[in-house]
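Engineer: The structure is given below, and queries will be raised subsequently.
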Amino acid sequence: MHADLSRLTFRPERHYSAVVAQQGRVQLDADINEQTAIQLHQARTLAADLIGRHGGPRDAAGFKIDYVGGKHDIDTLHIRGGRYYVDGILLDATRPAPGVPVPDDDAEEQEQDTAAPPAYWTYWDQPDGFRDPEKPGDRLPSPATSPFVVYLNVWERAVSAAEDPALREVALGAAMPDTAARVKVVWQVLPLSLAALDIEETDPSKEVVRAAFDKWAQKQAAPTARLAARSERPDHADEDPCLVKPDARYRGPENQLYRVEVHTGGEAEDATFKWSRENGSVVFPVDELDGTWVQLASLGHDDKLDLDVGDHVEVVDTAYASRLVPLPLLRVEELDLPGRRVRLSAEPDQSVGRLPHLNPFLRRWDHHGGPKRKGRTTALKGGAIPVAEGEWLPLEDGVEVYFTKGATYRTGDHWIIPARTATGRVEWPTDAARRPLLQGPSGIVRAFAPLALVKGEGGTVDLRLAFNPLASSIPAADEATLAAEEQARREEQLAEDPSGGRSQTTADAEAAAEGDE
């Protein structure tokens, strides 16, 4: 997640069940976040063990799919409300009811003009899909040509106050930084051809589709990219002996959390990456885009968290962050500090940053150029660094990364590398000989579930699974047993305490009343 963190310490293989705070100790964000991760891991593992890879409650299962096409202007899907679980992650497709405004003097006319939205989502307005009818790749296939599968793509991403201003506590003042970020569950209903599932039948059964989908999902969820990190004393280390320890391999003056993130996915020859020493958390809300000039709502709070000429930035909004379709990174060419404006190397793409309700912002990345290899600086590709496999690539201050050979890369996958001045090293798993170990991405973790096989309007085959509630009524025999046990307990209590737990005064008063009668 893009957030200002010290490090991420949760490791399920360590089997920790709780974080225990100790008195008089420093409290770190990593401890609190690990406790949250432990509880989330336990809850989702339990749900997945009980439910299976995916399923919904039988009486409230969500994501029922109806295909709507033919006579309509554009084909679409209706996504019905309810709950569904994918790999233990709870999804809710229920569309919130719109708020009711306070009526004005023309309330009757206003009520007639205001049409309530439907109770279901559609393929085009689903909250995290951001499909565009103008893009051919976003349009639904024609079931008349070939049936297709509709499935759920599920993952999580971080949301900061730059993207959701409601997270900011205004009582802290305009100059105060934001507080905690949030993690959002993203669900997207998408089409998938039978050819992509290696299904040759034109009318496959549910069992065939589910089995083929499971194989496809396993491949999609298991990335092949692997990365290792290390700290090596750079050639210029003697230039700053007063800033860091002379024997330090990591030469940075401050503790950092480096983030190496895949920008453009694909094979190694096409893939690019970007890196940040602040875990990609340095962002600047955008008020307006005007050609290559960007009007910012605020600048950084200090030189470390500000923008400078030569920085590479990414124009981001809610739709761009959810689609995971990379656009070129842009270079800061000029700063107008009094006017809170920056001029970029090119005009941002028309598909991002233009709609205020999507809360656009700039995200800063900290590479100014590619790594030096054989005495030459690698040229950037679309503002990002080309992936070079099988060799150590220097980032800065002695931090180096290594991509394994023969991998494929996915946009958004990332690795987290803590660098510490106290040890002069980066924190990374090693073997007994202190050789860095290749690791899979820290995220993005993706989950998938089939929803329907669309054969045409009125010909949709439901592929969802459902489960019944565990609780049921108590049998009559058990009710009698429970009543007898309860009566026995009462008689035993009266034998031990004739007052039945009442005060002696109350018991005497009741006995006197019975005598008077």
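Every read-out reported here was derived from the displayed coordinates using simple, explicitly stated rules and does not represent laboratory data. Bear in mind the structure is a predicted one, so any value in this text is a computation, not a measurement. Here the Cβ is made from the backbone with ideal geometry for all residues, glycine too, and neighbour counts use every protein chain on show.
Engineer: At 7 Å along the Cα-to-beta-carbon direction for both T481 and H368, put a label point, then send me their distance in nm to one decimal.
Structural biologist: Reported label-point gap for T481 and H368 is 7.8 nm.
Engineer: Compute the relative contact order of the chain as a whole-number percentage, counting only Cα pairs closer than 8 Å that sit 6 or more residues apart in sequence.
Structural biologist: Taking the mean separation of contacting Cα pairs over the length of the chain, I get 19 percent.
Engineer: Further question: Mind listing which trypsin sites (Lys or Arg not before Pro) in segment 386-450 are in a DSSP loop and have 10 or fewer other Cβ atoms within 10 Å?
Structural biologist: K405, R434
Engineer: Another one. Using only DSSP helix segments of four residues or longer, with each worth -39500 (n - 2.57), what per-residue ellipticity at 222 nm results for the chain after dividing by its residue count and rounding to 500?
Structural biologist: When only DSSP H runs of four or more count, the value is -5500 deg cm²/dmol.
Engineer: Same structure, new question: State the three equivalent ellipsoid semi-axes of segment 227-444, derived from the C-alpha gyration tensor as the square roots of 5 times its eigenvalues, in descending order and whole Å.
Structural biologist: The answer is 30, 21, 15 Å, longest axis first.
Engineer: Among I65, I38, I79, which comes first, second and so on when ranked by fewest other beta-carbon atoms within 10 Å?
Structural biologist: Arranged by neighbour count, lowest to highest, I65, I38, I79 become I38, I65, I79.
Engineer: Using 0.36 nm per residue, how much length does the chain from L28 to E333 gain when fully extended, once their Cα-Cα distance is taken away?
Structural biologist: Stretched fully, the L28-E333 segment lengthens by 106.1 nm.
Engineer: Let me ask something else about it. Considering only the other residues whose Cβ falls under 12 Å of the Cβ of E492, what net charge follows from Lys and Arg at +1 and Asp and Glu at -1?
Structural biologist: Combined, the nearby Lys, Arg, Asp and Glu give -3.
Engineer: Right, here's the next one. Determine, from the Cβ-Cβ distance of S142 and A211 and an R0 of 30 Å, the FRET efficiency 1/(1 + (r/R0)^6), rounded to the nearest 0.05.
Structural biologist: So, using R0 = 30 Å, E works out to roughly 0.75.
Engineer: Another question, if that's okay. Can you give the FRET efficiency to the nearest 0.05 for D164 and F467, using r as the Cβ-Cβ distance and R₀ = 30 Å?
Structural biologist: With R0 = 30 Å, the Cβ-Cβ based efficiency is 0.35.
Engineer: Moving to a separate point now. Using a Förster radius of 45 Å, what is the FRET efficiency between S193 and E232 based on their Cβ-Cβ separation? Nearest 0.05, please.
Structural biologist: 0.45
Engineer: Between A271 and residues 5 or more places away or on another chain, which pairs have amide H atoms under 5 Å apart, with H built 1.01 Å from N, and which residues are they?
Structural biologist: Here V387 satisfy the definition.
Engineer: Over segment 227-444, what is the mean sequence separation of C-alpha contacts under 8 Å (at least six apart), divided by residue count, expressed as relative contact order in percent?
Structural biologist: 32
Engineer: Follow-up question, since we're still on this one. Within segment 302-382, which trypsin sites (Lys or Arg not before Pro) sit in a loop by DSSP and count at most 13 neighbouring Cβ atoms inside 10 Å?
Structural biologist: Filter output for segment 302-382: K374.
Engineer: Another question, then. Just the Kirkwood number for the chain, please: inverse of mean 1/r across all distinct Cα pairs, in Å, one decimal.
Structural biologist: Over the chain, the inverse of the mean reciprocal pair distance is 27.5 Å.
Engineer: Can you give me the C-alpha center-to-center distance between segment 415-490 and segment 331-392, rounded to a whole angstrom?
Structural biologist: 37
Engineer: Where in segment 130-150 does the label zone of T202 land, with the point 7 angstrom along Cα→C-beta and an amide N cut-off under 14 Å?
Structural biologist: In segment 130-150, the label zone of T202 (backbone N under 14 Å from the point 7 Å along Cα→Cβ) covers 143-148.
Engineer: Just subtract the alpha-carbon distance of Q220 and S298 from 0.36 nm times their residue separation and send over the number in nm, one decimal.
Structural biologist: Answer, rounded to one decimal: 24.2 nm.
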